[in-house]
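Read through the structure below, which is laid out as structure tokens, and then see the notes.
Taken together, the values in this text are just the output of simple stated rules run on the coordinates, not laboratory data. Nothing here was measured: the structure is a model prediction, and the numbers come from that model. Note that we place each Cβ from the backbone using ideal geometry, even for glycine, and neighbour counts take in every protein chain shown.
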Amino acid sequence: MKILKKALLHKALLQKALTKITALIATAALIASAALVLPVAIAAAEPDEINIDGVIAKTVAFIMETTPDPGIGQTGGEWAVIALMRSGETIPDGYIRSYYDAVVSQLDIVRGLLSSVKYSEYSRVALAMAAVGADPRDVGGYDMLAPLSDYEMTVSQGLNGPIFALIALNGAGYGGDPVTERYVDFILSRQLPDGGFTLSGTNSDPDTTAMAITALSVYRSRGDIEEAVDRAVERLSRIQRATGGYTSFSSVNSESVSQVIIALCSMGISIDDERFVKDENSLLQNLMTYYVEGGGFEHESGGGISMMATEQALCALAAYRRYAAGQKPLYDMSDAPASLPDRSDDEPSGKHPDVSVPAVLPREVSFEDTGGHDNENAIIELAQRGIVNGYANGCFLPDNEISRAEFTAMMVRALGLHGQNDLTGFADVEPGSWYGVYVSAACAYGVIEGRGAGIFDPGSIITKQEAAVIVTRAAAMCGLSRSFDDTAVRDILSQFIDYRTVGQWAAEALAFCYYYGILDDSAIEITPALPLSRGAAAELLFRVLNTAGLL
């Protein structure tokens, strides 16, 4: 069992991360409404006109088509997998195994450390692992539940932390952990006078209230919890709109309805309970007004399909169908598959036949200036294969900016490609230059291009978004190939406050890199035009090779 590291938190880092969490939650509704496609949602239907089985089947097919390679992530990740696995539909073994392998690969990259401050990341992954039949305490050797035993760190995230920790621990069958009682007490202590819950402020919101009910539902037989939950349920009833839906953070949206449906079903309360039917409009009827024929759901009416909204809606529909069939609640994984499907050994890798990652050299490699550096592991791993090199003074200079020529050389060596020094075709790449053969190889395989007009510009500094484009092409040669439509790109990048500054030509590549964990998504900004450092370049290449299973 590998040991999960604990990071020493700098005060500024903690504050920055907590600020991001609050800001993203508060603005998620507004961001998600900026959809790039505008299909038409169906009109409200009478309860007996809604073909739940048909909608679930179409939504499952839609998610599997748009998310063929799920990995760790808020969208296109755990919620999609949980929704699919709990939907009651048949999910191919290869799809399940592919997700598990992708998670293990991403955990290897970060050495099991998903986040230093946002412990709901571990809860989400643990819950998905339980859903697919894997042991969340041993995901490729990493324990996803261990961080949830750290009460102080879990609650430092705010109410989201203990809510999802309770859901994950109970859902995965570890509700007996002593820390769960402390999480219960923490949640109860945050109940507002109006009966609801909120992440911030003094007025409750439907999403947080519903999630708190879901987390506490396991303990509803306890007197004080029963009273607290009853008050929260009444609060949800009072703030329900005449349309049957909810407003959250100034947005009338589908995710709030989905969370309420999940909460009621977890409590064994019918979603047609008279308290939740307003002007003859039920929760299910309202949710279906966001449905787009074919399987997707909108965040806001008329805003276009949102993957986050779609995944949450399928979770809600699955919760409802399970409740109606007398099955376990959505997050109770005691009836999940007993084991993870076996890995298929005959699946084609998709790797280009010319890709040949260098073997580890028979010598120890170290640099005087990489000890304790964020990119130390990646630098040493690549240096031991001769992919990256240091300087004569024994230093690597990880924080120095890297040029196009240097990055091209690193990338070509990482893939084991070969070129000819006199076939570059660029006026500014002299035959015999140290980087000419690397430019030749990279261009021959279509991994990198020039600036136009016969210019390669080898000495200019490469930016983060430029590197993302090159790395995405290199990843395709390694067998990692996936396309994203405009909506998927928006869903992935909109979690960052500066996503509108991304060059359109680099948006899909950045989305690809964040989706596969090649780029770290813990910062609040993308900073696409930021010059890439030597250490960051090594990290990118290491993560590509590791994610592709080539190291």
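Descriptive notes on the structure:
- In this structure the amide hydrogen of N253, modeled in the peptide plane, comes within under 5 Å of the amide hydrogens of Y246, S248, none closer than 5 places in sequence on its chain.
- Two-site FRET efficiency, D273 against D335, from Cβ-Cβ distance with R₀ of 22 Å, rounded to 0.05: 0.35
- Distance-filtered residues of the range 388-402 - backbone nitrogen under 13 Å, label point 7 angstrom along E368 Cα→Cβ: 391-397
- Degrees, to the nearest 10: 120-132 long Cα axis against longest axis of the chain: 80 degrees
- Spin-label proximity, E152 to the range 180-214 - amide N less than 18 Å from point 7 Å beyond Cα toward beta carbon: 180, 182-183, 186
- Under the simplified labelling scheme, the R137-N393 pair shows an inter-label distance of 5.1 nm, with each label point 7 Å from Cα along Cα→Cβ.
- Residue-wise HN-Hα couplings along the range 287-303, as the Karplus relation 6.51 cos²θ - 1.76 cosθ + 1.60 with θ = phi - 60° gives them from phi, are 4, 5, 6, 9, 6, 10, 3, x, x, x, 10, 8, 7, 10, 4, x, x Hz; Gly and Pro carry x.
- The chain shape via C-alpha gyration tensor axes, a/c threshold 1.5: prolate
- Backbone HN-Hα couplings from phi across the range 183-191 [Karplus 6.51/-1.76/1.60, Hz, Gly and Pro as x]: 5, 4, 5, 4, 5, 4, 5, 9, 5
- For the range 355-367, putting each phi into the Karplus relation 6.51 cos²θ - 1.76 cosθ + 1.60 with θ = phi - 60° gives couplings of 6, 9, 5, x, 7, 5, 6, x, 7, 7, 10, 8, 10 Hz, in residue order, rounded to whole numbers and with x for Gly and Pro.
- Once backbone amide H atoms are built at 1.01 Å from N, L519 has Y514 as its partners under 5 Å, excluding neighbours fewer than 5 places away on the same chain.
- Residues in the range 375-411 that a label on S433 would reach, taking backbone N under 17 Å of a point 7 Å out along Cα→Cβ: 402-411
- Subtracting the Cα-Cα distance of E525 and I455 from 0.36 nm times their residue separation leaves 22.1 nm of extension gain.
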